[in-house]
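Right, one structure below, let's go through it.
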Amino acid sequence: SLSFYEMHKTIDTKSATPEKFLNFVSLYEDVYDSKKEGILERKEKLSKGVSKLKEAREVVAKLKKEAAVQEKVLAEKQGEANQALQMITDTMRNANTQKSEMQDLKTNTLKEERSIAERKKVIDEELKEIEPLIEEAKKAVGNIKSETLTEIRSLRVPPEVIRDILEATLLLMGTEDTSWNSMKQFLAKRGVKEEIRTFDARRINPKSRQAVEKLLKTRGSSFTNENAKRASTAAVPLAQWVLANVKFSYVLEKIKPLEQEQNALQGNLKTAEEQLHGLTQGLDEVDAKVAVLKQKLNQFTKEAAEVEISLGKTKDTIASADKLVDGLEGEYQRWNKEVESMGQDVESLPMFAIMASGFLTYLADMPEDVRSSLVIKWGSKLGIKKFDLKRFLSSERETLQWRADGLPADDLSLEKA
């Protein structure tokens with residue numbers, strides 16, 4: 001072990017004044033209290049996070065048990081409903097009533113199909129307006145000079161306009177990493193212009209498009225021709241390409257469900273026509289029997305629907321919770337380990353705090369070789385194999401900011417900072 005006074009005595013008499021000794025002790029209290037408070041605060045937050053994740057696991061397990069019970073009940077209700085439905089089908093087969101229903105179904109299906117066609121026509125008009133913009137943007141991208149892309153790639157820090165436009169471009173093309181390094185790698189790819197030019201907007205992920213729409217909303221000025229042109233000649237066609245593809249993707253997304261609905265209606269129409277063709281006339285009156293069966297079917301169907309709705313909500317909740325828990329599993333393990341390690345950090349904190357306080361008090365204005373010698377000597381006495389003042393008293397974010405502000409990257413400059 002090493003006491004405050006013993007550390008004080010390792011300094012030459014000129015520097016080891018009583019005032020510095022008092023400063024040394026006072027500084028130790030400040031450093032120790034500050035670091036301990038930070039560790040304990042972080043530990044408390046992580047402990048709460050671990051506790052919440054445990055609660056989430058328990059909730060998911062409980063919901064899964066409830067879902068299993070509901071699935072069993074649903075199977076029973078669906079079985080009863082299916083049985084009643086089968087009896088109705090057998091009874092009404094080839095009956096005039098069924099023929100009438102099928103004819104109504106055919107009429108309604110045709111009506112709905114016409115309605116969808118009208119709605120689809122409006123969207124087709126939107127596509128006709130957007131497609132020329134897409135083609136124009138693709139052509140402009142193809143005309144970008146390779147030297148211009150090289151010039152952009154050589155920038156150490158790109159202008160915000162270029163960064164915004166490239167970020168939107170990468171997101172639309174499915175690249176989630178929008179760091180400057182990622183952007184430079186993208187621009188350096190062979191055939192990048194052709195890749196952008198031939199990109200199919202149907203591949204755009206709705207989530208990516210929403211992220212780009214948010215960017216357009218918050219940073220819309222970056223995508224104007226005036227600002228883009230001021231930033232780079234390559235920025236204008238890329239900005240036009242982004243704007244056109246966002247619109248195109250949005251329209252494609254609107255038309256997709258209409259096409260699916262139209263296909264489903266055509267299937268229904270075909271089914272109705274086939275059943276109408278197979279019906280025969282002259283069956284005995286079955287209204288009374290059908291009425292009883294319908295009553296049973298309605299009851300069974302209602303009960304099954306109620307169970308199915310409840311089960312659907314439970315499954316949606318389970319899916320969301322499972323996704324959340326699985327996504328945070330890595331954090332759960334890391335937080336547990338970090339909480340355990342924080343106990344060790346608190347135990348070793350006094351030694352590191354006294355080292356840091358001694359360093360600041362006595363070594364700040366000493367040569368590097370004297371610093372190194374005393375740090376090794378103190379560390380040996382305290383059982384500390386390696387002591388890094390920068391890592392202990394500052395964060396990586398702070399040191400990066402200092403370097404960005406012009407501070408040299410050598411240890412002496414960083415320790416002084």
Handout entry: Verdict on GLU101 being in a helix (DSSP H, G or I) and within 28 Å of LYS289 (Cβ to Cβ)
Key = yes
Practice task
Enumerate the pairs (first residue in segment 372-389 and farther than 15 Å from LEU349 by Cα; second residue anywhere and buried (at least 17 other Cβ atoms within 10 Å of the Cβ) and of a type in the set (Ser, Thr, Tyr)) with beta-carbon separation below 9 Å, excluding pairs fewer than 6 apart on the same chain, so at least 6 apart or on different chains.
Solution key: LEU374/TYR362
Practice task
Please work out which residue is most open to solvent (accessible area, probe 1.4 Å), limiting yourself to segment 364-400 and to residues that are farther than 21 Å from ASP12 by Cβ and among the polar types (S, T, N, Q).
Solution key: SER395
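Take ALA319 and tell me if it is exposed (fewer than 13 other Cβ atoms within 10 Å of the Cβ) and under 20 Å from ASP30 (Cα atoms).
So ALA319 fails the test.
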Practice task
Looking only at segment 62-96, count how many residues are over 24 Å from LYS296 (Cα atoms) and either touching an Asp or Glu at 6+ places or on another chain (Cβ under 7 Å) or open to solvent by 50 Å² or more (accessible area, probe 1.4 Å) (or both).
Solution key: 5
Fill in the blank from the handout: Within segment 39-66, the residues that are within 30 Å of LEU393 (Cα to Cα) and aliphatic (A, V, I, L, M) are ILE39, LEU40, LEU46, VAL50
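Residue-by-condition table, conditions (1) among the polar types (S, T, N, Q); (2) over 15 Å from ALA231 (Cβ atoms):
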| residue | (1), (2) |
| --- | --- |
| LEU155 | no, no |
| LEU166 | no, no |
| LEU172 | no, yes |
| THR178 | yes, yes |
| SER182 | yes, yes |
| LEU187 | no, no |
Handout entry: Close pairs (8 angstrom Cβ cut-off, 6 or more residues apart or separate chains): over 27 Å from VAL50 (Cβ atoms) and at pLDDT 85 or above in segment 309-327, of a type outside the set (Gly, Ala, Ser) and open to solvent by less than 50 Å² (accessible area, probe 1.4 Å) anywhere
Key = SER310/GLN70; LEU311/GLN70; LEU311/LEU74
Handout entry: Single unsatisfied condition, THR301 versus (1) surrounded by fewer than 17 Cβ atoms within 10 Å (Cβ to Cβ); (2) in contact (Cβ under 8 Å) with a residue 60 or more places away in the chain
Key = (1)
Practice task
Search segment 87-115 for residues being more than 13 Å from ALA272 (Cα to Cα) and among the β-branched types (Val, Ile, Thr), and hand back the single one that is modelled with the highest pLDDT.
Solution key: THR89
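Do the conditions hold for SER310, that is, is it within 41 Å of the chain's Cα centre (by Cα), exposed (fewer than 15 other Cβ atoms within 10 Å of the Cβ) and under 30 Å from GLU76 (Cα atoms)? Please lay out each step first, then the result.
Details: within 41 Å of the chain's Cα centre (by Cα): yes; exposed (fewer than 15 other Cβ atoms within 10 Å of the Cβ): no; under 30 Å from GLU76 (Cα atoms): yes.
For SER310, the condition - within 41 Å of the chain's Cα centre (by Cα), exposed (fewer than 15 other Cβ atoms within 10 Å of the Cβ) and under 30 Å from GLU76 (Cα atoms) - is not met.
Yes or no, residue by residue, for (1) open to solvent by 60 Å² or more (accessible area, probe 1.4 Å); (2) part of a helix (DSSP H, G or I):
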residue: TYR5; (1), (2): yes, yes
residue: ILE11; (1), (2): no, no
residue: GLU19; (1), (2): yes, yes
residue: VAL25; (1), (2): no, yes
residue: ASP33; (1), (2): yes, yes
residue: ILE39; (1), (2): no, yes
residue: LYS43; (1), (2): yes, yes
residue: LEU46; (1), (2): no, yes
residue: VAL50; (1), (2): no, yes
Completion exercise
Contact list, first residue from segment 17-32 and without any contact (Cβ under 8 Å) to a residue 60 or more places away in the chain and closer than 14 Å to MET7 by Cα, second anywhere and surrounded by 15 or more Cβ atoms within 10 Å (Cβ to Cβ) and among the hydroxyl-bearing types (Ser, Thr, Tyr), beta-carbon distance below 6 Å, six or more apart or interchain, is none
Fill in the blank from the handout: Here the qualifying pairs (Cβ atoms under 6 Å; residues six or more apart or on different chains; first in segment 147-165 and surrounded by 16 or more Cβ atoms within 10 Å (Cβ to Cβ); second modelled with pLDDT of 90 or more and not in a helix (DSSP H, G or I)) come out as ASP164/ARG219
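Condition check: in contact (Cβ under 8 Å) with a residue 40 or more places away in the chain, at negative phi and crowded, with 16+ Cβ neighbours inside 10 Å. Does LEU414 satisfy that? If you could, list the steps in order and put the result at the bottom.
Working: in contact (Cβ under 8 Å) with a residue 40 or more places away in the chain: no; at negative phi: yes; crowded, with 16+ Cβ neighbours inside 10 Å: yes.
Spelling it out, it is not the case that LEU414 is in contact (Cβ under 8 Å) with a residue 40 or more places away in the chain, at negative phi and crowded, with 16+ Cβ neighbours inside 10 Å.
The values are calculated or read from the model by the stated rules, or taken from the named source; none is laboratory data. Just so it is clear, the model here is predicted, and its values are computed rather than measured. Glycine gets a Cβ as well: all are built from the backbone with ideal geometry, and neighbour counts include every protein chain shown. Keep in mind that these areas ignore ligands, DNA and RNA; they rest on the heavy atoms of the full protein, side chains included. Shrake-Rupley method; radii C 1.70, N 1.55, O 1.52, S 1.80 Å.
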